[in-house]
Amino acid sequence: MVQAIKHAADTWDVDIISMSFGFKDSSEKVSKAINLAKHRTRNGVPRPVLFYAAASNNNHLDYNPIAYPARDARLVTAVFSLDGHGDKSEFSPKGNQHSLTNLAFLGQGLEAAFSEKLSTGGLRHDYRLMSGTSCSTPLAAGTAALVLELLRRKDIRENIPEKLVPKLITADGMNKIFEWMLKENAQRGAGVYLEIQPWHLLRGMEQGNIQVGDLSYRLKDGAL
């Protein structure tokens, strides 16, 4: 895993790493690799990698309900699961009481591509319904990727105060943008799920034409 993180950050030069896995025990070597990627620079300019990690499924151990590395809020952003009604999935653990950023995305009953060779039947042999925080994690990473893509658009970037740019590409900056996507009247606090609804910020998405909505206006006002 250490080599995979290093290769993704240094060779592929990725902006985001999605981690749909978790372990009972922590790893000093993995933590070091994540920390190095989070503090990556290019030509003296900060280019941190954003990490999103699955919280765990059906882990009822009170002393350690969230898997590593998701439970270490200093390294990664933990992602939890919601059902189709926006409620906590039964298999998803309680939020990290030591963190104010417990991102929660849809992670239940998602249609996913699947190998036909492993299919057990059904109308579509190349897809299956899947659930888990490992399913909600790539949705969080994908939403962050969409935000980064929008931030690189000329019509948006020219309206962003220059002092905000270094903050936007950090985990704290992205988490602040995620907060703009919270459902109305959402509760906040340590251990509380942040139910992310991207359409609150990225409004009016049309086929082949993404309308940015509030994003550029909020950034222009420097509200980060």
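Quick notes on this structure:
- Number of residues in the stretch 35-65 that are under 18 Å from Thr133 (Cβ atoms) and either buried (at least 16 other Cβ atoms within 10 Å of the Cβ) or in contact with a Pro (Cβ under 6 Å, 6 or more places away or on another chain) (or both) equals 10.
- Residues in the stretch 1-25 that are of a type outside the set (A, V, I, L, M) and within 25 Å of Asn102 (Cβ to Cβ) were compared, and the one that is nearest to the chain's Cα centre (by Cα) is Ser18.
- Filtered by the rule that a residue be modelled with pLDDT of 80 or more, surrounded by fewer than 24 Cβ atoms within 10 Å (Cβ to Cβ) and touching an Asp or Glu at 6+ places or on another chain (Cβ under 8 Å), the stretch 92-115 gives Leu106, Gln108, Gly109.
- Some residue of the stretch 13-21 being touching a Cys at 6+ places or on another chain (Cβ under 9 Å), within 22 Å of Ala104 (Cβ to Cβ) and surrounded by 13 or more Cβ atoms within 10 Å (Cβ to Cβ): yes
- Within the stretch 54-69, at least one residue is closer than 27 Å to Thr11 by Cα and hydrophobic (A, V, I, L, M, F, W, C).
- Residue that is surrounded by fewer than 17 Cβ atoms within 10 Å (Cβ to Cβ) and in contact with a strand residue (DSSP E or B) (Cβ under 9 Å, 6 or more places away or on another chain), where the choices are Arg157, Arg153, Arg188: Arg188
- Qualifying residue in the stretch 69-78 (condition: more than 28 Å from Leu129 (Cβ to Cβ), buried (at least 16 other Cβ atoms within 10 Å of the Cβ), modelled with pLDDT under 95 and not acidic (Asp, Glu)): yes
- Taken over the stretch 169-204, the residue count meeting the criterion of being farther than 23 Å from Asp83 by Cα and modelled with pLDDT under 65 is 1.
- Every residue from the stretch 86-109 that is within 21 Å of Ala171 (Cα to Cα), touching a Phe, Trp or Tyr at 6+ places or on another chain (Cβ under 6 Å) and of a type outside the set (A, V, I, L, M, F, W, C): Gly95, Asn102
- Top-ranked residue in the stretch 26-59 [being in a loop (DSSP other than H, G, I, E, B), in contact (Cβ under 8 Å) with a residue 24 or more places away in the chain and farther than 17 Å from Arg74 by Cβ; ranked as nearest to the chain's Cα centre (by Cα)]: Ser56
The values are calculated or read from the model by the stated rules, or taken from the named source; none is laboratory data. Quantities reported herein were computed from a predicted structural model and do not represent experimental measurements. Note that we place each Cβ from the backbone using ideal geometry, even for glycine, and neighbour counts take in every protein chain shown.
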